[in-house]
Amino acid sequence: MGETLIELRDIYKIYHMGDEEVRASNGVSLTICRGEFVAIVGKSGSGKSTLMNIIGALDVPTEGEYLLGGEDTSLMSDDQLAHIRNKMIGFIFQQYNLLPKLNLLENVELPLLYAGVDSRERRQRAMESLKRVGLDDKWKNLPNQLSGGQQQRVSIARALAGSPSLILADEPTGALDSRTSREVLDFLKQLNEEGNTIIIITHDSSIALEAKRVVRVHDGTINFDGDVKEYAAIL
């Protein structure tokens, strides 16, 4: 195994709804190394979204430790978490989350703007990212002038622009048809071959089979963690 990028140690996320206690994460421990391609799979309500929010530094656990690149995020302030997200994580969302009034280049530049990168370098890096996804010739276009698959490629370019340690993709093909989904998944595989660490969050086992390792979540716990071939054998 390579260098550890993500380490979850006995993670609990507990919500109180009236008199009821909901354990969205119930003692989860998980290690992911740099360069891995992992699918976290589970049905609605399984706790996979909670796990994604903690891995993405969008939320903090009630108990337990989360180390990202050796830094303990569990005790960080909101500002510190925002800095970690911007510096280390590239997000790809099901609904793309592109700003409709900004052109493609401006959308891809956004994380670099928040990171304080100067305008010339921002533009250069954003154009390079758009080129990687094959959309540099459309940089002046607005998001609504693109197909769904193209919009998702822009969101991938945005995720790549900051050279993140981790690409976190939440149901990245959920809004796409099967052919376009295939293109997006192939592109994520290519990024992994280039050395990027990728985690896909999905409810769909057929999407999970595209990864190299599968972590299945059920009732807030991990009930399978293994090679994709082992996972395919139990489906």
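What the table below lists for this structure:
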| quantity | calculated |
| --- | --- |
| Qualifying residue in segment 33-45 (condition: closer than 17 Å to Arg85 by Cα and touching a strand residue (DSSP E or B) at 6+ places or on another chain (Cβ under 7 Å)) | yes |
| Tabulated pairs, segment 69-94, first at pLDDT 90 or above, second open to solvent by 50 Å² or more (accessible area, probe 1.4 Å), C-beta under 7 angstrom, 6+ apart or interchain | Asp72/Glu65 |
| Test: Pro61 is within 23 Å of Ala169 (Cβ to Cβ), open to solvent by less than 40 Å² (accessible area, probe 1.4 Å) and assigned to a loop (DSSP other than H, G, I, E, B) | yes |
| Matching residues, segment 1-19, being farther than 20 Å from Ser49 by Cβ, surrounded by 11 or more Cβ atoms within 10 Å (Cβ to Cβ) and of a type in the set (A, V, I, L, M) | Leu5 |
| Segment 165-184 residues that are under 15 Å from Gly56 (Cα atoms), paired with ones that are open to solvent by less than 50 Å² (accessible area, probe 1.4 Å) and hydroxyl-bearing (Ser, Thr, Tyr) (beta carbon under 7 Å, 6 or more apart) | Ser165/Thr197; Leu166/Thr197; Ile167/Thr197; Glu171/Thr202 |
| Within segment 140-230, strands (runs of 3 or more DSSP E) holding 2 or more residues that are open to solvent by 20 Å² or more (accessible area, probe 1.4 Å) | 213-218, 221-227 |
| Residues within segment 20-48 that are open to solvent by 60 Å² or more (accessible area, probe 1.4 Å) and over 25 Å from Glu3 (Cβ atoms), tallied | 6 |
| Residue satisfying condition, being over 22 Å from Ser205 (Cα atoms), assigned to a strand (DSSP E or B) and not charged (D, E, K, R), within set Leu75, Leu30, Leu67, Leu81 | Leu67 |
| Any chance Glu7 is within 20 Å of Ile198 (Cβ to Cβ) and charged (D, E, K, R) | yes |
| Lone qualifier among Ile222, Ile200 - being in contact with a Pro (Cβ under 8 Å, 6 or more places away or on another chain) and at pLDDT 95 or above | Ile200 |
| Segment 8-36 residues that are among the hydroxyl-bearing types (Ser, Thr, Tyr), paired with ones that are in a loop (DSSP other than H, G, I, E, B) (beta carbon under 7 Å, 6 or more apart) | Tyr12/Pro61; Tyr12/Thr62; Ser25/Gly47; Ser25/Pro61; Ser25/Gly220 |
| Test: residue in segment 5-23 that is within 15 Å of the chain's Cα centre (by Cα), modelled with pLDDT of 95 or more and part of a strand (DSSP E or B) | yes |
| Top-ranked residue of segment 103-128 - restricted to ones that are at pLDDT below 90 and outside any loop (DSSP other than H, G, I, E, B), ranked as least open to solvent (accessible area, probe 1.4 Å) | Pro111 |
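The values are calculated or read from the model by the stated rules, or taken from the named source; none is laboratory data. None of these values were measured; they are calculated from a predicted model. Positions of Cβ are backbone-derived with ideal geometry, glycine not excepted, and every protein chain shown enters the neighbour counts. To get the accessible areas, we keep the full protein, side chains included, count just its heavy atoms, and leave off ligands, DNA and RNA. Shrake-Rupley method; radii C 1.70, N 1.55, O 1.52, S 1.80 Å.
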